[in-house]
1. May I ask you to say which residue of Gly470, Gly440 is at positive phi and more than 25 Å from the chain's Cα centre (by Cα)?
2. So if I check each of Glu350, Glu327, which one is in a loop (DSSP other than H, G, I, E, B), charged (D, E, K, R), within 30 Å of Cys204 (Cα to Cα) and under 31 Å from the mean Cα position of the chain (by Cα)?
3. Let me spell it out: the conditions are (1) closer than 19 Å to Cys330 by Cβ; (2) at pLDDT 95 or above, and Ile181 meets all of them except one. Which number is the exception?
4. Which condition number in (1) in contact with a strand residue (DSSP E or B) (Cβ under 7 Å, 6 or more places away or on another chain); (2) assigned to a loop (DSSP other than H, G, I, E, B); (3) not hydrophobic (A, V, I, L, M, F, W, C) is the one that Asp333 fails?
5. If the requirement is being closer than 21 Å to Lys216 by Cα and surrounded by 15 or more Cβ atoms within 10 Å (Cβ to Cβ), which of these qualifies: Gln304, Gln280, Gln267?
6. Condition first: touching a Phe, Trp or Tyr at 6+ places or on another chain (Cβ under 8 Å) and part of a strand (DSSP E or B). Now tell me which residues in segment 84-111 satisfy that.
7. Considering segment 241-263 alone, what residues qualify as being within 26 Å of Met104 (Cβ to Cβ) and touching a Gly at 6+ places or on another chain (Cβ under 9 Å)?
8. Could you tell me how many of the residues in segment 344-385 are among the acidic types (Asp, Glu) and surrounded by 16 or more Cβ atoms within 10 Å (Cβ to Cβ)?
Amino acid sequence: MSTYTDDIKSIATLKDKEGSSWNAINPEYAARMRAQNKFKTGLDIARYTAKIMRADMARYDADPSQYTQSLGCWHGFIGQQKLISIKKHFNSTDRRYLYLSGWMVAALRSEFGPLPDQSMHEKTAVSALIKELYTFLRQADARELGGLFRELDAAAPADKPAIQAKIDNHVTHVVPIIADIDAGFGNAEATYLLAKQFIEAGACCIQIENQVSDEKQCGHQDGKVTVPHEDFLAKIRAIRYAFLELGVEDGVIVARTDSLGAGLTKQIAYTSEPGDLGDQYNSFLDVEEVTTDTMNNGDVVIKQGGKLVRPKRLPSNLFQFRSGTGEARCVLDCITSLQNGADLLWIETEKPHIAQIGGMVKEIRKVIPNAKLVYNNSPSFNWTLNFRQQVYDAMKEAGKDVSAYERSKLMSVEYDNTELAREADERIRTFQADASREAGIFHHLITLPTYHTAALSTDNLAKEYFGDQGMLGYVAGVQRKEIRQGIACVKHQNMSGSDIGDDHKEYFSGEAALKAAGKDNTMNQFH
């Protein structure tokens, strides 16, 4: 990309070429607008962020402590504020992404109103959110650069080079988004068409799961139904073709398996010979041997291991897997996905347990040595209870006295200041680093954080504002904290683009510009 100074020179040359009709055009203003809009299309963003993600994956392969993180978001403003906060606190966006959760799109973005995570929402709402997120991130760039340009104009000559360097080396708020396409919202062609919309909106990374599209369930609920491997691999290939068609050659595909908690399949896989992929899938079915005499009307019977067997079929017309086969199915899912075009894995688990995840990854890495995971640090887990129980079990196994604790009630506040609780909290604190080192997790995400933070902060505000505290409930609980913590959106007019608009008014109308940021603007109280 050209620098701000380069753009001033090139636009000045163009102005001279165009002659007197361009006399009112200021090359510096045009260069500023160009700097504030680095990414012209979603495909520009997808190509840029794909390179970031690929470099991060290579860095993790060399050093597992270099894992990446993200937080889920359901609105452009939420994503924008995360990146503004990240830059404020860490002076870098390095290894920090955004996650786009299909669950939150269903619950918060559907025209049908709040929906469960069952792919019933409008599928185009997901690609629309990707576009919205990047619109807000690009606006964050424009806002920050606009402030630097105003500083540059007001600065003494000796101070201008330092400000100019900040402009030329500006770090964008645009980061990779891992985008949830659920089970593809239909067949492989439907998956391909929707993936193209994702990529055109800016997604460099698409996550797809191996559930049946029209039976889709949240990964942490019951009733999940998986598809045979070949069906899933067709969708992975469809996404890869979408990336290649649009020129994002290093786009990233995350293959998610829900097999650990999915005990059902809608189809018996096609198989042409013993040991092929279809036969391996079918080998996990819950079956019983039959003869022509013991078969019932309407039975489905397959030949397996030289015997006729009847897969257990439920009244829902779904077939059941044998209990206890979930981990083996996950391992097979992961290996076949990586062997057929996926880049990263996602294993949806029922609890955050490093040994459980690491055990599966160890088996996968016997075949694919550099296998890496994206892992859902889910709010669906009771982290406090899970880790306290893990510590309790470890203490008991080590022969320590645990008589002061009741395992089923370890969530209780009465245990908060105990040795057990402190150890559990330390394991939670280091979970991401430990799991990245011991279980191959490249990327940690929290799917629904702002769903919960919005509810929590609203509850606190409602309790105070509508109670005895009145207006102090807002001032002390919100605004005073915003001011003292340097939260950018305390100046909400500026955050919404008012100052950018003032800049443009000056560019377009000169001295005739009617600006909003004059002396009577109440935002001046927050200088």
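1. Gly470 is the lone residue from the list that is at positive phi and more than 25 Å from the chain's Cα centre (by Cα).
2. Glu350
3. (1)
4. The number of the failed condition is (2).
5. Being closer than 21 Å to Lys216 by Cα and surrounded by 15 or more Cβ atoms within 10 Å (Cβ to Cβ) holds for just one of Gln304, Gln280, Gln267, which is Gln267.
6. Across segment 84-111, the qualifying residue is only Arg96.
7. Ala242, Phe243, Ile253, Ala255, Arg256, Asp258, Ser259, Leu260, Gly261, Ala262
8. Adding up the residues that qualify gives 2.
The values are calculated or read from the model by the stated rules, or taken from the named source; none is laboratory data. Computed from a prediction, not measured in an experiment: that's the story for all the values here. We place every Cβ from the backbone using ideal geometry, glycine too, and count neighbours over all the protein chains shown.
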